[in-house]
Amino acid sequence: MSLAAGEVYWAIVPYTPATPFKIHVADGAPVEVPTASQIVDGLRKGGDAEFEFVVRAKARPVLLLSGHSDPRTGDLFALRLHRLEKLSDQERQRVEEHREPSLFHLPPERFPDLAEDSAAMVTAPIRLHETALDTRNSLGRLDRKEMRALVERFVSYWQFDLRQLLVAQIRELQHRRKAR
Amino acid sequence: MALHSSPIKSNDVRLPEPQPGEALVVERYSAEHVKAVILHPDDFAELQGDSELLDDLTAASDLSDLGARAHRIAESPEGELIDDEASVRRLLGL
């Protein structure tokens, strides 16, 4: 399986669990719990007990933020997409003109198999197992330049402090240029 | 991906000769539409070298065996699954 950053695939994506939590029980309807603290206290009381949670999920197209995947983990990092039809005309135009930093417009011509005009949500990163991805068909792909712009927005939004990394890379670059 | 080159034979095109440090910008219709940029081979070699260097610097680091093992452990259920309603309610104080 060869995956690349910027590609869009269908995937099984759960909604982020939030209150009320639903706990699966073998013979009956799920037990609803209104707060996280009740579950934490209960499970800590029960030693190494675990519950099975009922979490709603959906088949959604996702954009791979990285094509890097280690076969020992099978984990992938992706962004959820937002359909532009859910926005007002004004909002939609704002996204299409790349004036809305949190939504990265996916050019329709590059995503011929994506049924609806969409944007990658910078605010909604998800970790996915590769088995949750339908890899039969890529729905399209951002090019390298677009991916760089998207990653730049992602790093800015989440306020990753890359100073140390940048300084180290600049020094390494200087060193290699001198050695050339 | 580093900047790559696509050779064309000099007999197939007519080009001016750029000086080192000079970029000849070939415009189509106006200065806003640049069709090509012609560089001296030395400048192109430097640009290509920089591109390769940058590409090397952004190479991903591999996951160590320890990291992979820690990931596997974190993702493996390790406790007893409680799924009978009475026990669930008792633990949650419901």
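The values are calculated or read from the model by the stated rules, or taken from the named source; none is laboratory data. Note that the structure is predicted; figures quoted are calculated from it, not measured. Counting neighbours? That spans all protein chains shown, and the Cβs are built from the backbone with ideal geometry, glycine included. SASA here: full protein model, heavy atoms, side chains in, ligands and nucleic acids out. Shrake-Rupley method; radii C 1.70, N 1.55, O 1.52, S 1.80 Å.
Summary table below
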quantity	calculated
Solvent-accessible area per residue, Å², over the range A:4-143 with all protein chains present [probe radius 1.4 Å]	55 Å²
Residue mean of other protein chain beta carbons inside 10 Å, A:125-138	0
Helix-derived mean residue ellipticity, 222 nm - over chain A, DSSP H n ≥ 4, -39500 (n - 2.57), to 500	-8500 deg cm²/dmol
Charge dipole (the range A:6-64, unit charges on Cβ, about Cα centre) - positive-most of A:Leu43, A:Trp10, A:Val54	A:Trp10
Rounded to whole Å, sorted largest first: equivalent-ellipsoid semi-axes of the range A:33-105, Cα gyration tensor	37, 21, 11
Value at 222 nm in deg cm²/dmol, rounded to 500, when DSSP H runs of n ≥ 4 in chain B each add -39,500 (n - 2.57)	-12000 deg cm²/dmol
Heavy-atom accessible area order for A:Tyr157, A:Tyr15, A:Tyr9, largest first, 1.4 Å probe	A:Tyr157, A:Tyr15, A:Tyr9
Dipole magnitude (debye, nearest 20) for chain B, charges at Cβ of Lys, Arg, Asp, Glu	320 debye
GNM result for chain A, Cα springs below 10 Å: residue of A:Arg163, A:Arg148, A:Arg60 fluctuating most strongly	A:Arg163
Charge dipole (debye, nearest 20) of the protein assembly as shown; +1 at Cβ of Lys and Arg, -1 at Cβ of Asp and Glu	300 debye
Expected-Rg normalisation [2.2 N^0.38 Å, Cα atoms] applied to the range A:87-132	1.32
Sites A:Ala49 and B:His4 - FRET efficiency at Förster radius 51 Å, r taken between beta-carbons, to 0.05	0.35
Nearest-0.05 FRET efficiency for B:Ala86 and B:Asp56, computed from C-beta distance (R0 45 Å)	0.15
Per-residue average of Cβ from other chains inside 10 Å of A:61-69	1
Interface residues in the range A:1-50 - accessible area drops by 20 Å² or more relative to the isolated chain, probe 1.4 Å	A:His24, A:Val25, A:Ala26, A:Val31, A:Gln38, A:Gly42, A:Lys45, A:Asp48, A:Ala49, A:Glu50
A:Glu7 long-range amide H proximity, modeled H, under 5 Å	A:Leu64, A:Leu142
B:Ser5 accessible area, 1.4 Å probe, all protein chains in place, Å² to nearest 10	70 Å²
Cα-Cα over 27 Å, subset of A:Lys58/A:Lys86; A:Lys22/A:Lys58; A:Lys58/A:Lys145	A:Lys58/A:Lys145
Length added when fully stretched, A:Glu172-A:Ala26, from 0.36 nm per residue minus Cα-Cα	46.8 nm
Exposure ranking of A:His175, A:His24 by accessible area [1.4 Å probe, largest first]	A:His175, A:His24
Cα gyration tensor shape for the range A:44-180, rounded if a/c is under 1.5, else prolate or oblate	oblate
Nearest-10 value in Å² for the accessible area of B:Glu27, using the 1.4 Å probe	110 Å²
Chains B and A together, accessible area buried on both sides, 1.4 angstrom probe, square angstrom	2700 Å²
Fraction of accessible area attributable to carbon and sulfur, the range A:1-112 (%, probe 1.4 Å)	51 percent
Rg/Rg_globular for chain B, with Rg_globular taken as 2.2 N^0.38 Å and Rg from C-alpha atoms	2.45
Size of electric dipole in the range A:55-169: Cβ of Lys, Arg +1 and of Asp, Glu -1, about Cα centre, debye, nearest 20	300 debye
5 angstrom amide H check on B:His40, placed H, neighbours 5+ away	B:Gly21, B:Glu22
In Å, descending, principal axis extents of the Cα set of the protein assembly as shown	86, 49, 34
Degrees, to the nearest 10: B:41-57 long Cα axis against longest axis of chain B	0 degrees
Sequence of B:His71, A:His98 from largest to smallest accessible area, 1.4 Å probe	A:His98, B:His71
Net charge over other residues, Cβ less than 14 angstrom from the Cβ of B:Asp83 (K, R count +1; D, E count -1)	-3
Test item: A:164-172 mean partner chain Cβ contacts at 10 Å	1
